[in-house]
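Note sheet for the following structure.
The values are calculated or read from the model by the stated rules, or taken from the named source; none is laboratory data. None of the values given here were measured: they were computed from a predicted structure. Methodologically, a virtual Cβ is constructed for each residue, glycine included, from the backbone with ideal geometry; neighbour enumeration extends over all protein chains shown. These area figures cover heavy atoms from the full protein model, side chains too; ligands, DNA and RNA do not enter into them. Shrake-Rupley method; radii C 1.70, N 1.55, O 1.52, S 1.80 Å.
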Amino acid sequence: MKKFNSLDHPHKRLNPLTNDWVLVSPHRSKRPWQGQVEKATVDERPKYDPSCYLCAGNERAGGHKNPDYKGTFVFTNDFSALLTDSPEGGVDEGSLFQAKSETGICKVICFSDNHSLTIPEMEVADIRKVVDVWCEQFDELGSTDFINYVQIFENKGSIMGCSNPHPHGQVWSSSTVPVEPDKESVTQKAYFEKNGNTLLGDYLKAELEKKERLLAENDHFVALVPYWAVWPFETMIISRRAVQNILQLTDEEKDGLADIYKQLTVKYDNLFETSFAYSAGLHQAPTDGKDYPEWHLHMHFYPPLLRSATVKKFMVGYEMLATPQRDITAEQAAQRLRDLSDIHYKKQINK
Ligand code: H2U
Ligand code: ZN
């Protein structure tokens, strides 16, 4: 009988935050690729683009004019997916036809007035200002009566559906806890009740000992490829100290979050020497006024690129119908990211 080895043999891994499984097929990494090859996009942009709806002084699609802002700028999404004034109600026609009215507030956050930048190209001190805006928004929206969850996120790159290269993110806040954080609420609570520690606190401790999936660290945060990663270069940023939300971070920890956000995204850009696309976001405790000692602040990064600046992973076929699957293991992905320079490729000399 052959002995199981996770480097060679197909296996399933459990995501303890969602209770979902991912199929890992490491033996397939050597398979030849004859699929789609897209053209790399040259990414040189001006500091100001007169046609950009996020640049200072410009008119947005909704007709509002942006102020002549410097640094960060927040506005209510002109095409908000959630509205404050949806009437209460829904559909309740037995178990097959259920609907519930949902209210919320959606905002857009410009990270910088400089149209040409992205997070990995920004200074840590300027990213810290983005963290401060996240805190302000989390505080303001979270303390709004009917808001019980605040989702802060960033879509980067047109392949992730990002509509505009101007550095920006979004906040969608809602009266109910959305699906993904809700799953994590259940699992983290069950773990905390059983073990007396946060799930991610114990997970991080184990990862710091194993050292197989780490890619960047500072005094307050660690970036790693989770054991259960689905996307080829999926990562997480986890706070060393278990805090329920960003408002509980100290000033130094907020600097640490800005620093690790940059460290990780510089490595991402360096991987294929391209502006690396992803959807990323913070997961935090609900904002319904209750205490959630089981909740451990973290940030997920879901990037689609697989083997070059143009070849991306698609969630198709078996993944849509059965379970997500990956070839390159989480350990191999972590090793590749870890080995990359901490200096952005555009700033490396001799380039
Ligand atoms: P992305 O982060 O995925 O690019 O989305 C940008 C958001 O900006 C999107 O939700 C909003 C869109 O509704 N938007 C405005 O609020 N005003 C505009 O003038 C254009 C885009
Ligand atoms: Zn712009």
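Restricting attention to the stretch 261-278, the residues being over 18 Å from SER308 (Cα atoms), open to solvent by 10 Å² or more (accessible area, probe 1.4 Å) and hydroxyl-bearing (Ser, Thr, Tyr) number 0. All of GLN137, GLN170, GLN151 fail the test of being within 16 Å of ligand 2 (Cβ to nearest atom), within 29 Å of ASP255 (Cβ to Cβ) and under 19 Å from the mean Cα position of the chain (by Cα), apart from GLN170. Within the set PHE73, PHE138, PHE146, the sole residue that is at pLDDT 95 or above, farther than 21 Å from ALA277 by Cα and open to solvent by 60 Å² or more (accessible area, probe 1.4 Å) turns out to be PHE146. Filter the stretch 114-133 down to the residues that are within 16 Å of ligand 1 (Cβ to nearest atom) and in contact with an Asp or Glu (Cβ under 9 Å, 6 or more places away or on another chain), then identify the one that is farthest from GLU253 (Cα to Cα). Per the stated criteria, the residue is HIS115. Taken together, the residues in the stretch 76-131 that are away from ligand 2 (no atom under 16 Å from the Cβ), open to solvent by less than 10 Å² (accessible area, probe 1.4 Å) and part of a helix (DSSP H, G or I) amount to 3.
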